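Okay, so here's the structure we're looking at.
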Amino acid sequence: MTRSPILAALLLLLLVAACKEPAPDEGLALSPRAAKGKALFSTLCAACHAPAAKLVGPPLSEMAALYATDPEGIVRWAVTPGRKRTDVPPMPSFRGVRESDLADVAQYIIEVGTAAGKQRP
């Protein structure tokens, strides 16, 4: 019995789709500013930050709780980060990114993080 390469490729695609985690903002109505920040967050931040789980950096739920009324604080931290945790590498500076773009990312973090915080038991 021979196996079809097309069938194998289709099965692989189905397996990948079944294992894919939902987007952190799936089902969440984002503000226009947060929607603009989503793509930049995906490319610059998502490797180290998840909605409710600690990766290298803190989860978005923790960040949203800290900065809910001060999104500019996220921007300040992104431009000139310090080091709060000695068990992980320090966050790189995003000084080269426009502050208006970082403000969009900050709004995304607050909206997705707030939603993730509400979903936790």
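The values are calculated or read from the model by the stated rules, or taken from the named source; none is laboratory data. The structure displayed is predicted, hence computed values, not measured ones. All Cβ positions, glycine included, derive from the backbone under ideal geometry; neighbour counts span all protein chains shown. Ligands, DNA and RNA are excluded from the accessible area calculation, which covers all protein heavy atoms including side chains. Shrake-Rupley method; radii C 1.70, N 1.55, O 1.52, S 1.80 Å.
Can you say whether Val112 is open to solvent by 30 Å² or more (accessible area, probe 1.4 Å) and within 18 Å of Ser42 (Cβ to Cβ), as far as the supplied structure shows? Spelling it out, it is not the case that Val112 is open to solvent by 30 Å² or more (accessible area, probe 1.4 Å) and within 18 Å of Ser42 (Cβ to Cβ). Residues in the range 88-110 that are closer than 15 Å to Ala65 by Cα and touching a Leu at 6+ places or on another chain (Cβ under 6 Å): Ile109 only. Filtering the range 68-98 to residues that are open to solvent by less than 40 Å² (accessible area, probe 1.4 Å) and touching a Gly at 6+ places or on another chain (Cβ under 8 Å) leaves only Val88.
Within the range 100-121, residues that are of a type in the set (Gly, Ala, Ser) reach partners that are at pLDDT below 90 and outside any helix (DSSP H, G or I) with beta carbons closer than 6 Å, at six or more positions or on different chains, in the pairs Ala115/Leu28.
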